Structures are given as C-alpha cells and as structure tokens.
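The values are calculated or read from the model by the stated rules, or taken from the named source; none is laboratory data. All values derive from a computational prediction rather than experimental measurement. Positions of Cβ are backbone-derived with ideal geometry, glycine not excepted, and every protein chain shown enters the neighbour counts. With ligands, DNA and RNA removed, areas are computed over all heavy atoms of the protein, side chains included. Shrake-Rupley method; radii C 1.70, N 1.55, O 1.52, S 1.80 Å.
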Protein chains: 2
Amino acid sequence: MASRAKATIFDIAREAGVSKSTVSLVLQGSGLIRPETASKVRKAIEDVGYVYNRGAANLRKAHSNVIGMVINDLTNPFFAELAVGMERVFQSAGIVPFIANTAENPVRQEEVLKSLMEQGVAGLIVSPARGTTPGAFRRIETAGLPVVFAMRRLPESRIPVIAPDNHRGAYLATAHLIGKGHRRLVFFGGSSDLVVYHERLGGFREACETLGIADRDALVVEGETSRRGGIACLETALAMAEPPTAALCFNDAVAFGAMLALRKRRLEPGADFAIVGFDDVAEAEHYMPALTSVAVDSAGLGERAAHVMLKMIQSRTTRAEDHIGAVNLVVRESCGPDRRTRNRNAGLGGAA
Amino acid sequence: MASRAKATIFDIAREAGVSKSTVSLVLQGSGLIRPETASKVRKAIEDVGYVYNRGAANLRKAHSNVIGMVINDLTNPFFAELAVGMERVFQSAGIVPFIANTAENPVRQEEVLKSLMEQGVAGLIVSPARGTTPGAFRRIETAGLPVVFAMRRLPESRIPVIAPDNHRGAYLATAHLIGKGHRRLVFFGGSSDLVVYHERLGGFREACETLGIADRDALVVEGETSRRGGIACLETALAMAEPPTAALCFNDAVAFGAMLALRKRRLEPGADFAIVGFDDVAEAEHYMPALTSVAVDSAGLGERAAHVMLKMIQSRTTRAEDHIGAVNLVVRESCGPDRRTRNRNAGLGGAA
DNA sequence: GCCTATAAATGGAACGTTCCAATAAATCAA
DNA sequence: TTGATTTATTGGAACGTTCCATTTATAGGC
C-alpha cells in the first residue's frame, strides 16, 4: 500500500525542502533548529511514513538503547516477575529491554546471547540456564559488554550478581520448622548442578546443626524443581523406614507438588506434615492451605539489577558490586500449629 | 580487556591475509571460497574476537532475522506459554524472537512497537493490550510489515488473527453446567472493552438460550480478570436475592478467586456451587478441587501464529487467513456430581 | 555602512556490511 | 600455444544515519 521503498531522511529532506543534516538534527531533538523549520520537518516525517533506522544510526553512534534480558524459564512466574521489575526501571530510563527465553537450555542460550550481541545491545541481564558452561560468557566479557547475573550465579565467574540471600532464607525456614517441634527434617528438590541448590541446602544444614538436629535427621531428597518433582520427593520421603515430619522445599513449585501428594494420601499439609516453600510466588498465598514460604522479592531484585546495569553502562565499566537481597519468611498455614500442642483443627483463617 | 575498538571484517581480513569481501563470503557460508581459505578466515575471526554487526548488514540486506513478540501480560502463565510455543518454531527456523511486554498498557505498547520497528524486525506477533486504539497499527501496516494478532483481535482490523474458539468454548462449558442440572447461571469477570469478553459471553448466552434457560436466569457480573476480580464477583452473586448456583468464569484466574471466596464462606466448590474456568492453565489441574476448564492450547496457538508469520514473510505478503483454534472442555471436580443426585462426598479422585 | 558575533542550515566523510562487476588463477579443448 | 571456461578472489559503490567543519543568513555594535 505505501510507497515501496522505505523512506529515509533524504526523502524527508526533499519533502520539507531542507538538507538531510537538518532532518537528522530534528530527529535528535537538537535545539539548533528554528522551531518553524522543525515543525515543517516533523510534518514531512508524518507524510512520508518514515521509520527511523536504528541500525544505521548505531553504525556511527557508540551505543544503542536496547538491553537484552535473558531468562531461563519464562513460564515460571517467578522469573517473569523478575523481568517485569527490570522493565519498570528501564522504561523510565527510555530504554527498551528485549526479553529472550532460553528454556533452561545452554545451547539455546548460546544462540540467544549471540543474536543479542549481533544486534548491538548495550548490556545484558542474564539468569543463566542450568548447566551453563564456565566459558559461555567469555566472548561477551572480552567484548567489554556489561553483564549482570540475576537470581543465579556461575561458579567461578567475575560477573556481578544480583540474587536473594538463599542461605539465610533457608536458615530461617528451617529454624521455623525446628521451632514448631520437628526433629527429623528433609530438604526437597533441586540438584547439585545448580548453585542456588547449594546455597539453600547450606542454609538448611547450618540451621539443623546450630539448632541441635543430628546429621542423620537432616535428610535430603533431590528432584526436579517442579510440581512433579515435589510429588516424587514426598513419595520417597514417606517410604523411608523412619520418615521425616517436615520439609523445606527448593522452591514453591516443589512445595505445591509435595502438598498435592500429601492430599492424595489423605494427609493434611500442616497438620500431618509441615511444608515450607521458597520464592513466595503469588499463588502461595492463595493455596489451600496457604503456603508458608521464603519471600525473595523478585520484582525488587529485577529493579535492582536494572539499576546496576544502567550505572555500568553510564560509567562504561564492566564491574559492579554483587547485591544480595534481603529475604523474609512469610508464615501462613502449611506448617500448622506447634507440633507439641498438636490438634486437628486445620482452620482456614491464616496469618498475614 | 580486549582491544578497545571492536573488530570488523577488515581486521579479520588483515589477520588472515585476504580481502574483506572474502571474509564476508565466509561469514555467509558461501561455497565459493576454497575450504582452506575459509578455515584460515574462521581462525582469524576467533583470534580477533569478532562479533558480527547485524545492523550494518541490514543496511544492505532486505530483511533481518528477528521477529518481535509483543505480549500484553507476561506474568500470566497463559501468555507466557503462548510465547514459548512461538519460540519453538522460530528457533528451528533460525530466527530469534525478541519478546517485549506491554503490561496491558497501550502507551507502553506504542513505545514497544516503535522500538521494534526501528530495530528493523521482519515481522510482529502481537497480543494487543486492552484499550488499544484502532489506529495503533496503522503506522505498521503502511510500512508493509507483516503482523499477526494472537489470542486477541481488534474490533475493525484487517490484521490476521490466531485465537481460540471462545464462543464455542463458552458454549460447551455452559452446556456442561446446564447438563449438571443448574438452572440459574452467572458469567463472572471481564469487561466489555475486551473483544474476548464478548465472544465468551456470547457463547454463554447462546447456550442458555438454546438449552432453555430464561434470560433472567442468565446473569452477568463484570469484574477484573484476576483472582481478586473472581472474589468480588462471587460476593456480588451470593448477595443477590435469588443467587445463582453455577458460574462460568472469564478465565482461570477469576475461577480461582471465586473458589477461594466460596471456601471463605465455608462453601465447597463443586458441591455447593459449580465453577468452570477458561484457558486451562497448568495450575487448574492441581487445584483443590481440580478446576473444570476450557482448554485452549495456547502453546499450540503460539506455534500456529509463528508458522503463519513465517509464511507471510516468505511470500512477502501482509495478508493471511485467520485461524480459530479448537477448544475442549476438560472436566475435573469443580462442578461436582450431577445436581439432581446431589450428595456430600466431595471426594479427591477426579476425572482425567 | 562595515566588521564581528551569533544563529541556522548544510555538505561530506565515516560507520561495517553486502553484492555486483571485474580481475586473477587454474583448467580444459582444440 | 591460444582462447574459452570455470573457479577463487577482490575493489568499489551502495545502504541510512551522525557529526564535524563549513557556509550562509541574521543581528548587534560602532
């Protein structure tokens, strides 16, 4: 429908009876142009249906205004919220973040990273896929492109990290369980290829140790970090000779799975077996029973990551401080009343 | 750490002792180059830490290999799945989709669209934000850029649409409710600025009419399309002089909210009040009680949308057929047993 | 009226690619 | 050997911007 070849600043220039340089200046909002000229040009821009070619512009300008966000699992609302947090701050800085999903696949991640770089992004915020190899970011580092990791870190990397205090979160949750009178606990889900797993498991172990739970009463059942994984973990745990009575779950998805499996066995989460989740996704509050979970404020971490990135770009550095976000345990119903004074009224009214 | 100025094909050419044209050919995988020369060049590429500048290339090439996906609400797993479906097919076509979130905000959408165009995308897949104005896509249409709408349509637009059969889904769900013996029904959530709302409500009304429910027994309570909205809808409905006994909800989020509100009143979803959701998000299956819902296969629709886009690009057209995806009602527990033979065992074992 | 200072607009080179036309080298037919 | 053909390689002109150095127009001071 429109004129075939797409319009350029030359077309605008002809239309408005000025030079291409003038058009360029108007496009950049330079104050050097006489207002009447500027509006003449702006009219011409409308008339010819011009769309700015940022690729061409970036050829001369040092930096683009796009930032890439690489997310390992978009379908997990937890990560989606991270993305939303980042977007909020980028938007107000006039930057458009492009999100790409790696679906937890390192090969895909490689492609995505490559594509983003070729596109000339100004920086990258990455929640690395599980199993990312140590060298995966070398290319990017040598290119001098600012990168920050969000939520997850890589074992030996020097790239700044924005993440929640997983160790402390796990510690708090475990202490809560022990405080409720549980003496034989289990950690559900996750596997050792994930740094986060070690952090959370570390917190669990430290709490057990500090608060007088013997090593043989601090169990671990690895598993998928999904509802399905949680179901499997619970089955495994209850099949033990001497089953635990409470579980700290790697994340909320695992916790939901575990609660589901309890229900299948006619056991009441909270009353018969205590469950704590991790991440505190929106759903946790609305579950039956409402899930006690460690809140990590992912949107807040996303905002933080975006701010750090902005600062890095501005000061043209590739270094920044790590930021460990505060966590807090939000107590709801899934751990029931104290184990010592245990009774059967698993009521509906919950804690805030 | 690396050499300051970023490497170009000239640097590679010097390093490998060939001309820039040869390097360009190698980059494009042309078969015209002698294999030994090619590998010499490839080595040089590694050595200088080259990153391809797609912006520069696009200056000459007609089309880029990036496609923009504009999503109205990333935190809704329903839309996230749509994105994942699209990604699957683009990936195998060697195309990298960039996702941008509009957070249901038309102004933001405008910005995002503009930015994507400036970036020189080859096409756009859009789930338009609520309240998108008719003219919002005129710019893009006159630019001759292929666009497809996913999940949602705009009232008077000629842009092809990939969406589920909302009308039929609502019809099926309503018929199910009526089949269970309900005689006074309500439609929960949504508002009339959404085309989808009209489609679903239309199905609800048609079923009522066809199956002998009087107009005054087919109620409507508008509301937010969220859990919170669902809670409010249920309160409103039960406060009526003659309350309904079953609800078709605009989407699953509303349904979850309604069930929650029932529970708060010590009513059992299914036994005391029947609920059907729409979209069949993953969570529906795992809820207590499991939610009966209309499955729309969003990932499948995403794949479909991507295919259509690919075809449009390939045949350089801006037109395509609409595609209305099949839906099916998946019956679980939230409508309980038949109302006529009603009893109180709201058991756990559910239908597949 | 002339000179200088300021404001507004412009031409040209550069950015990193692709692609065409041209060249150089190798192979073949006679 | 020569010319024709094929195979590899190359220089140069685009592509659509920005930005610097100029030029041109306008105003101010005397």
Whether any residue in the stretch B:88-105 is more than 7 Å from chain A (Cβ to nearest Cβ) and in contact with a Ser or Thr (Cβ under 6 Å, 6 or more places away or on another chain) is what I want to check. no
With respect to A:Arg4, determine if the residue is surrounded by fewer than 18 Cβ atoms within 10 Å (Cβ to Cβ), within 14 Å of chain B (Cβ to nearest Cβ), modelled with pLDDT under 95 and over 24 Å from B:Thr142 (Cα atoms). no
Condition test on B:Ala7, is it away from DNA strand D (no atom under 12 Å from the Cβ) and of a type in the set (Gly, Ala, Ser)? yes
How many residues does the stretch A:128-139 contain that are over 17 Å from the mean Cα position of the chain (by Cα), more than 15 Å from B:Tyr52 (Cβ to Cβ) and either open to solvent by 40 Å² or more (accessible area, probe 1.4 Å) or within 14 Å of chain B (Cβ to nearest Cβ) (or both)? 5
Failed criterion for B:Thr236 (all others in (1) open to solvent by 20 Å² or more (accessible area, probe 1.4 Å); (2) assigned by TED's automatic domain parsing to the domain that holds B:Phe137; (3) in contact with a Gly (Cβ under 9 Å, 6 or more places away or on another chain) hold): (2)
Over the stretch B:270-289, the set of residues at the interface with another protein chain (Cβ under 9 Å from one of its Cβ atoms) and either among the small types (Gly, Ala, Ser) or in a loop (DSSP other than H, G, I, E, B) (or both) is B:Ala282, B:Tyr287, B:Met288
Can you go through B:Asp279, B:Asp272 and tell me which one is surrounded by fewer than 19 Cβ atoms within 10 Å (Cβ to Cβ) and acidic (Asp, Glu)? B:Asp272
Taking the stretch A:233-252 and keeping only residues that are aliphatic (A, V, I, L, M) and in a helix (DSSP H, G or I), one is left with A:Leu234, A:Ala237, A:Leu238
Does at least one position in the stretch A:44-55 carry a residue that is closer than 30 Å to A:Ile162 by Cβ, more than 8 Å from DNA strand C (Cβ to nearest atom) and among the acidic types (Asp, Glu)? no
Give the residue, chosen from A:Ala306, A:Ala253, that is assigned by TED's automatic domain parsing to the domain that holds A:Val148 and buried (at least 18 other Cβ atoms within 10 Å of the Cβ). A:Ala306
Only helices (runs of 4 or more DSSP H) wholly contained in the stretch A:31-127 count here; list those with 2 or more residues that are crowded, with 19+ Cβ neighbours inside 10 Å and more than 16 Å from DNA strand D (Cβ to nearest atom). A:77-92, A:106-118
Selection status of A:Gly230, within 14 Å of chain B (Cβ to nearest Cβ), outside any helix (DSSP H, G or I) and surrounded by 15 or more Cβ atoms within 10 Å (Cβ to Cβ): no
Could you tell me how many of the residues in the stretch A:160-184 are open to solvent by 10 Å² or more (accessible area, probe 1.4 Å) and under 23 Å from the mean Cα position of the chain (by Cα)? 5
List every residue pair whose Cβ atoms lie under 9 Å apart, where the two residues are 6 or more positions apart in sequence or sit on different chains, the first residue falls within the stretch B:9-27 and is within 14 Å of chain A (Cβ to nearest Cβ) and under 15 Å from B:Glu46 (Cβ atoms), and the second residue, located anywhere, is within 10 Å of DNA strand D (Cβ to nearest atom) and among the charged types (D, E, K, R). B:Ile9/B:Lys20
Cross-chain or 6+ apart pairs with Cβ under 9 Å, the stretch B:216-227 first and more than 14 Å from every other protein chain (Cβ to nearest Cβ), then hydroxyl-bearing (Ser, Thr, Tyr) and open to solvent by 40 Å² or more (accessible area, probe 1.4 Å): B:Val221/B:Thr236; B:Glu222/B:Ser192; B:Gly223/B:Thr236
